[in-house]
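**Q** Input: one structure, supplied below.
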Amino acid sequence: MTREEIEQSTVTFLRTAGGTRPDVRVVELKSGGRAVVKDFRRSDFLFRLLIAPILISRECGALKRLDGLAGAPQFICRIDRCAFAMEDLGGVSLKAPDIKLPDDFFDKLAGLVREIHKRGVAHCDLRSAGNVVLRSDGAPGVVDFAACVMRGRGLNPFINFLFRQFSAADDHAVLLLKRKFAPDKLTEDEKRTLDTPMPYERAAVWIGKSVRNLVRRLLTKRKQS
């Protein structure tokens, strides 16, 4: 897949680039179907030069671990140091107004997230309803693994500890979404879980926000909303 082919086959933009954000577009594939292309080429220069290749390598690595898992985008190809292509899951984002979900949607979402964790990937941003989709068959899908953390392949106690914490945060985020969209489906155990603060939650949120703000100040020139 070349950049010329991408330009010629673009169907729509899901997001346009600016600051630390990439262009995210849907393209038609010659073989049929559609792909999503994430491209940092129009992001701010220093971010594109220093950070974007790291983010792309990490997200591509995560998607490769999820190969064959229904409900997770399948990796297609690395286009260049600034862009890659993945499967378009289609469907409707949970951010869509008046979305109606099947009764078993969140049970299936919890199962999908467990399978993602078994592959050694923690999503780390499932609190955002925009990262969960209702697919055409009524099953859930999870998108945008830009913030993911992967389990270490060897004996690395610190990385594996972090992975367990982020995996637990994913599970908690699924319950938060369930409480928002289907509160009547929460079990008593799930309600008790939501009433119990996550360990390290405040610290993790503070660190995440601080790092993002620092990167934006140092490596971008435009304010982002």
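Taken together, the values in this text are just the output of simple stated rules run on the coordinates, not laboratory data. This one's a predicted model, so the numbers in the text were calculated from it and none came from an experiment. Cβ sites come from the backbone with ideal geometry, for glycine too, and all protein chains shown count toward neighbours.
**Q** Could you compute the net charge surrounding residue 117? Neighbours are other residues with a C-beta less than 10 Å from the C-beta of residue 117; K and R count +1, D and E count -1. Walk me through the numbers on the way to the answer.
**A** Working: positive: 114, 118, 119, 151, 164; negative: 115, 170, 171.
Charge balance near residue 117 sits at +2.
**Q** Where q = 0.08, 0.11 Å⁻¹, what log10 of I(q)/I(0) comes from the Debye formula for the chain, counting one point per Cα?
**A** Here the Debye-derived log intensity ratios amount to -0.31, -0.59.
**Q** Determine the dipole magnitude for the chain: charges of +1 sit on the beta-carbon of Lys and Arg, -1 on that of Asp and Glu, nothing else is charged, the reference point is the Cα centre, and the result goes in debye to the nearest 20.
**A** Working: 40 positive and 28 negative charges, 217 e Å.
Dipole magnitude for the chain comes out near 1040 debye.
**Q** Quickly estimate the mean residue ellipticity at 222 nm for the chain, helices only: each DSSP H run with n ≥ 4 gives -39500 (n - 2.57), and the total goes over all residues, rounded to 500.
**A** Details: 7 runs with 93 residues, N = 225.
Calculated mean residue ellipticity at 222 nm is -13000 deg cm²/dmol.
**Q** Can you flag which of 30/178; 30/100; 118/180; 64/185; 38/178; 118/185 are past 31 Å Cα-Cα? Walk me through the intermediate numbers first.
**A** Working: 30/178 38 Å; 30/100 33 Å; 118/180 26 Å; 64/185 33 Å; 38/178 29 Å; 118/185 25 Å.
Pairs exceeding the cut-off: 30/178; 30/100; 64/185.
**Q** Hey, what did the chain get for relative contact order, percent, Cα under 8 Å, at least 6 apart?
**A** Working: 330 pairs, mean separation 39.9, N = 225.
The value is 18 percent.
**Q** If you average the sequence gap of Cα pairs under 8 Å that are 6 or more apart and divide by the length of segment 24-110, what percent do you get for the contact order? Display every interim value, and only then the final one.
**A** Values: 91 pairs, mean separation 22.4, N = 87.
Over segment 24-110, the number comes to 26 percent.
**Q** Where in the chain are the DSSP H helices whose alpha-carbon span along the long axis reaches 15 Å or more and whose Kyte-Doolittle mean is at least 0.0? Show your work: numbers first, answer last.
**A** On the way: long enough: 52-65 (20 Å, 0.25); 105-118 (20 Å, 0.06); 157-181 (36 Å, 0.28); 201-219 (27 Å, 0.06).
Within the chain the helices that satisfy the rule are 52-65, 105-118, 157-181, 201-219.
**Q** For a test of the definition: using alpha carbon positions, the gyration tensor, and the 1.5 limit on a/c, classify segment 106-198 as rounded, prolate or oblate.
**A** Here segment 106-198 falls in the oblate category.
**Q** Run the simple label-point estimate for residue 81 and residue 191 please: 7 Å along Cα→C-beta, distance reported in nm.
**A** In this crude label model, residue 81 to residue 191 measures out at 5.5 nm.
**Q** Pull out a ≥ b ≥ c, the square roots of the eigenvalues of the alpha-carbon gyration tensor of segment 1-96, then state rounded if a/c is under 1.5, prolate if not and a/b is larger than b/c, and oblate in the remaining case.
**A** rounded
**Q** If we count every other residue with Cβ under 13 angstrom of residue 152's Cβ, Lys/Arg +1 and Asp/Glu -1, where does the sum land?
**A** Net charge around residue 152: +4.
**Q** Can you tell which of 57, 136, 167 shows the greatest fluctuation in a Gaussian network model of the chain with Cα springs below 10 Å?
**A** 136
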